[in-house]
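Values quoted throughout were computed directly from the atomic coordinates according to the rules given, and no laboratory measurement underlies them. Predicted model only: the values in this text are computed from it and were never measured. Every residue, glycine as well, gets a Cβ built from its backbone with ideal geometry; the counts of neighbours run over all protein chains shown.
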């Protein structure tokens with residue numbers, strides 16, 4: 001399609017006024033969209049039309065619009081972030097669509113992410129996982145020189161691969177079990193790989209696994225939908241690493257009775 | 001009035017150490033828990049401050065408009081963070097970082113503040129490493145460095161092209177630990193809409209819960225604003241959509257002075273605008289200038305040719321030509337103006353002739369595509385997603401875009417504003433970058449303020465105030481909520497014909513054209529005439545649907561836009577009064593014959609701090625004279 005052509009699209013959007021209210025699909029037109037519009041800029045156009053027509057604009061989360069803050073979150077035609085590899089919804093451009101396309105738009109759907117309005121969901125459950133143990137327990141000051149702790153390039157690269165997670169929650173939305181294993185596994189793996197994080201690695205994995213259960217996330221049954229949906233290309237090998245770390249913690253008797261029972265039953 | 005920044009005097013090397021002992025009182029550990037500190041914003045500055053203050057034992061409440069503290073716009077910083085570690089053995093030192101920052105800022109910052117920044121820069125790297133920030137390492141396991149603009153040493157630490165993300169996630173992890181321990185109460189999706197001042201001191205904030213719409217006041221013993229910058233006043237910028245001047249503006253209207261608002265940074269390497277519908281501009285990290293060469297065609301008629309068809313001798317590598325010693329690593333203000341100059345001369349490339357090439361072919365030939373991919377792969381991917389062009393095969397097109405604000409609320413050496421109890425950190429204050437910020441120094445400042453400055457300086461204020469002086473039912477709190485509610489209801493009642501976005505685009509376009517990269521007496525006067533009309537029309541013709549008691553993104557944007565419209569007048573007024581060019585502030589009347597910015601130290605070696613006298617009324621100017629005792633005032637040269 002040339003840059004000068006425009007397209008008209010049909011949007012079928014999930015509308016829901018509030019957390020405990022019934023939702024429904026509504027159909028809208030997106031007119032005169034160019035291939036250079038980002039997906040969210042296309043939604044801006046639709047919203048401007050809705051406002052002028054005296055209707056409620058579609059609420060959707062977004063902020064940086066450059067693929068790093070992790071705020072944007074919508075399921076497009078059944079796929080979180082719209083299905084372009086390693087791409088957040090805000091970086092998806094309309095050149096991936098064609099004139100006349102019908103596009104279904106829904107919020108992340110997971111028990112742990114209650115819908116607040118339209119496409120906006122509450123993802124604070126992910127924050128709770130980090131608040132439980134997703135850190136190194138150092139306080140400000142009193143730490144050694146940055147070069148006093150050597151980290152090999154392969155280890156630093158591995159940790160960075162895991163640390164690229166933007167916390168958008170697409171992995172949870174894509175998972176048939178609404179598991180946060182990719183999100184938690186990435187954090188567990190990053191910190192377990194680095195010498196700074198190794199001291200607390202067993203306690204960390206035990207606490208985060210428990211927190212996933214406590215906050216309404218499911219478990220992994222190896223569908224790998226999370227990896228396919230992840231806009232940052234986080235690999236499922238980090239889930240495997242988390243499982244290994246968990247078993248190591250089990251051997252060290254760092255995992256509470258609840259988790260032990262849970263592991264044995266699965 | 002002449003303002004006093006209360007910077008310590010004496011040998012600059014001793015200032016911070018001496019000040020900490022001589023001038024800053026302590027709060028004993030048992031008393032710390034009696035004080036409550038409100039921290040607004042959870043980016044690098046706010047997140048690190050909230051975590052550190054809670055570790056020390058204070059009660060902390062933290063606020064963010066985003067759904068999680070991890071999403072503050074610090075996350076988008078790409079290239080790196082400076083520190084004076086001198087690991088590469090290339091002649092760096094704390095003194096050199098101090099010197100480069102003062103010079104880079106075109107001699108418009110306070111020396112002692114900049115010295116302190118350079119001094120604590122090394123602690124920041126250590127702290128982040130301890131948190132598990134995966135900085136780039138060499139094969140022996142040591143920390144790696146790269147170069148950035150305005151420096152001839154390699155002092156920039158980085159984590160691929162996502163340094164801001166990794167540093168923010170480090171601060172977020174420290175903050176999360178304190179939230180989990182119950183030491184910080186976190187309020188996400190909550191926007192500050194007023195500052196509560198009681199008996200001249202900042203004692204609370206009024207906020208709107210962005211999910212339920214509830215308006216309420218939080219009281220505390222001190223308020224810390226770490227609410228970022230204001231370049232969304234230009235509508236299109238590299239800032240996130242939610243970045244606004246609102247928190248700073250509300251504090252300004254309650255008495256806090258706004259300093260140097262005309263110091264705005266236009267970043268040289270952003271993806272050019274593609275169309276009118278565009279909602280934001282995307283930065284391509286300055287680190288790309290390490291390996292990319294910037295050029296335009298020498299001949300106008302070549303501008304529409306494919307770049308690879310233009311032979312070497314017909315290309316003008318204008319930065320290398322004009323600034324041979326710094327070349328493509330000239331500071332941002334200089335590189336941006338040079339790009340605009342080329343395009344104004346009709347040698348720009350791409351749609352509308354508003355672009356220059358950033359070419360990697362020489363580096364790819366020298367280092368191989370693999371090395372370039374490893375260094376900048378994510379940036380090349382981002383470029384391709386947005387433009388549909390492969391920058392390994394053809395040069396990137398870039399153009400300057402509003403990126404950062406050096407100006408902000410006025411603070412003294414203790415980061416306290418002129419309103420006692422109100423502290424301002426990071427981009428939200430005006431302190432260290434002068435008239436131009438060097439690359440990789442924003443992350444440094446945010447974390448310096450949050451981890452290593454505010455924990456000391458806020459204690460000095462708290463030690464001299466009784467905890468819990470103001471309760472939530474204080475008349476000032478009730479009045480604040482009533483005022484915020486009245487403004488909200490007014491926005492909802494107008495029910496006009498123009499959308500919020502239309503107003504913001506109108507103001508932004510005016511600001512970019514008249515108060516952007518080149519400012520003249522005429523353009524500024526012109527803007528000052530048009531802005532009040534836009535403000536008046538806004539309150540008569542804006543259309544905001546929905547109600548105040550629900551999640552209402554139009555209402556949020558309307559409030560921020562109203563503040564931007566008022567603030568635009570102050571920015572313009574400041575630019576008009578400063579009849580000199582310095583750093584990011586370029587007055588066309590004040591330039592050397594070769595087009596370089598001409599400062600006027602005899603008349604303008606001061607920070608301009610403006611006091612609000614009410615909407616539509618002339619603000620009052622206060623001056624803080626700048627003294628340079630360690631770095632010799634000189635014409636900045638990067639040639």
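Which residue, A:70, A:146, A:100, has the most motion in a Gaussian network model of chain A that connects Cα atoms within less than 10 Å? Looking only at A:70, A:146, A:100, the biggest GNM fluctuation is shown by A:146. Axis of helix A:39-52 versus longest Cα principal axis of chain A: the two differ by about 50°, to the nearest ten degrees. Take B:376-387, B:52-63 and order them by the average number of nearby Cβ atoms within 10 Å per residue, most first; the result is B:52-63, B:376-387.
Can you work out the PRE-style zone for residue B:93? Point 7 Å along Cα to Cβ, and I want the residues of the stretch B:1-35 with backbone N under 17 Å. Residues B:11-15 fall inside that zone. Under the rule a/c < 1.5 gives rounded, and otherwise a/b versus b/c splits prolate from oblate, where does the protein assembly as shown land using the Cα gyration tensor? It is rounded, given that a/c, with a ≥ b ≥ c, falls under 1.5. Computed from label points 7 Å out along Cα-Cβ, the spacing between residue B:1 and residue A:53 is 5.4 nm.
Shape class for the stretch B:465-586, computed from the alpha carbon gyration tensor (a ≥ b ≥ c): oblate, with a/c not under 1.5 and a/b at or below b/c.
The distance linking the stretch A:134-194 with the stretch B:458-476 is 39 Å (Cα centroid to Cα centroid, whole angstrom). Counting only DSSP H runs of at least 4 residues, each contributing -39500 (n - 2.57), and dividing by the residue count of chain A, the helix-based mean residue ellipticity at 222 nm comes to -11000 deg cm²/dmol. Put a dot 7 Å past the Cα of residue A:8, heading toward its Cβ, do the same for residue B:579, and the two dots end up 5.8 nm apart.
With Cα atoms defining each centre, the stretch A:11-51 and the stretch B:204-270 are spaced 28 Å apart in the structure.
Compared with the alpha-carbon gap, the fully stretched path from residue B:629 to residue B:617 is longer by 0.6 nm at 0.36 nm per residue. Quick check: the angle from helix B:475-494's long axis to the longest principal axis of chain B, C-alpha only, nearest 10 degrees? Helix B:475-494 sits roughly 50 degrees off the main axis of chain B. Shape of the stretch A:123-265 from the C-alpha gyration tensor: oblate (a/c of 1.5 or more and a/b not above b/c, with a ≥ b ≥ c the square roots of its eigenvalues).
Computed from label points 7 Å out along Cα-Cβ, the spacing between residue A:24 and residue B:487 is 3.7 nm.
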